[in-house]
1. All other residues with a Cβ under 12 Å from the Cβ of Thr23 taken together, and with Lys, Arg as +1 and Asp, Glu as -1, what is their net charge?
2. How far apart, in nm, are the 7 Å Cα→Cβ label points at Ile148 and Val174?
3. Loop-only check: which chymotrypsin sites (Phe, Trp or Tyr not before Pro) in the range 49-157 are DSSP coil with at most 13 other Cβ within 10 angstrom?
4. Suppose R0 equals 35 Å; then what is the FRET efficiency for Leu26 and Gln370 from their Cβ-Cβ distance, rounded to the nearest 0.05?
5. How much length is gained on full extension from Ser289 to Ser385, taking 0.36 nm per residue of separation minus their Cα-Cα distance?
6. How much FRET efficiency would the formula 1/(1 + (r/R0)^6) give for Val2 and Asn333, where r is the Cβ-Cβ distance and R0 is 56 Å, rounded to 0.05?
7. What fraction of the DSSP beta bridges in the range 176-383 is antiparallel, stated in percent and rounded to the nearest 5?
8. Assigning unit charges at the beta carbon (Lys, Arg +1; Asp, Glu -1) and nothing else, what dipole magnitude in debye, to the nearest 20, does the range 31-79 show about its Cα centre?
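Computed from the coordinates by the stated procedures, all read-outs in this text should not be read as laboratory data. Values in this document were obtained by computation on a predicted structure and should not be read as measured data. Glycine also receives a Cβ, built like all others from the backbone with ideal geometry; neighbour counts cover every protein chain displayed.
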Amino acid sequence: MVILRRAINGIVNRRGLTKVLSTLALDHHKILKTNEIWVKKEQARKPSTSNLIQAFSKGYNLDANGRPIRVLDTRVEHTVDVYENQLVKLFFDLVNLRLRRVKNACEANDKNQLLDEVKSLSYQLKKARQEAAFLNEVSQPKSLPNQITMVLLKNPAYHAALQGYLEFIRSPAVYLDSPDLNAPLENLPKLYQIWGTLWVIVILLEVAEQTGYKLEEQSLVGKDKTGIFVRVFPNRKPAIVLSHPQHKTIIKLIPERTYSTNSKIGDLYSASLLQRPDIALEVQLPDNSYLVYIFDPKYKFENEEPENTDRESKPKKQDIEKMHTYCHTIRDNNGRQVVNYAAILYPGSHRRYPDAQIEALPAYPGEEAQLRRHLYRILSKALNSN
């Protein structure tokens, strides 16, 4: 909120975005731009002599006397689609995007006392943007602004926009990059999968730090012009790759990992049908052997009638059978079974299946203490497999 206040309302020595937009609405930077358009020769005002050859070479453009029917005419007009205005529009879009996120967060919490202020800032910003209608003709910059022009230095309004933009991007927003967040609530199982995957990642990083592992690669977090994003499903690449400097064990966490039926593709494969668990934690030991830990967040349980949806619900039989399938079919190139552990995360009670390393872990959004304990136990064992 402090960042948004400073960006929208400004500070003592710098006007905010609302005043910048109001000022530029009356006097904004524009330049003369030369365009060349095809017109009939009798309509040409200032034909481009340097491009007359194009008029003669253009197909079906000569009359019976061999003269051009259409020629390139030079037109000069004002344009506001310039670098300085592109920076102002980008600044507005970034502030407006973050303001909407804060507003959504405040509306989700009825007790949040900031909601009135957020609505007021939204109204001020929207009104100023309506005044600055010239920005409708301004395009988005093709790359992040990286140069200083005389207009940005000498014009007070543009200079304030530049200063506000630079301060704003130094404290970027962090957001979860997933199209499923905009889906209706009928898509809750997918959102539950995202939530469960993030918790496995969180506990893995905590255990890794405590046991001396170092981060080698990650495709989980990136940065764009709107801020820092977290992408839970990075196109089936490892979200995190860890290694231990002493015993050289390598850990890969791969969301939606696909195990092909072709044993010649990669070090691990499926001995039957193609398999794709939600989360695969692959532990490559110093002798190049593998141990695999599987986690599948499943927002479903055996009794789904409203009167039976309590925390004693059991996991669905087919989900547990799927864990057995993973254990039996995922193998290394020597044909050895490599799945050391498999579990579903679901809104039910804890279940352990003694004949195999298979569990059903209780996972309730908003009450993660029990899930944390189980994940900590399992992942501590995985990272100390050496």
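1. 0
2. 3.1
3. Taking the range 49-157 and a limit of 13 other Cβ atoms within 10 Å, the loop chymotrypsin sites (Phe, Trp or Tyr not before Pro) found are Tyr60.
4. Efficiency at R0 = 35 Å is approximately 0.05.
5. Length difference between fully extended and current span is 33.4 nm.
6. 0.50
7. Taking every DSSP beta bridge within the range 176-383, about 75 percent pair in antiparallel fashion.
8. Result for the range 31-79 is approximately 40 debye, rounded to the nearest 20.
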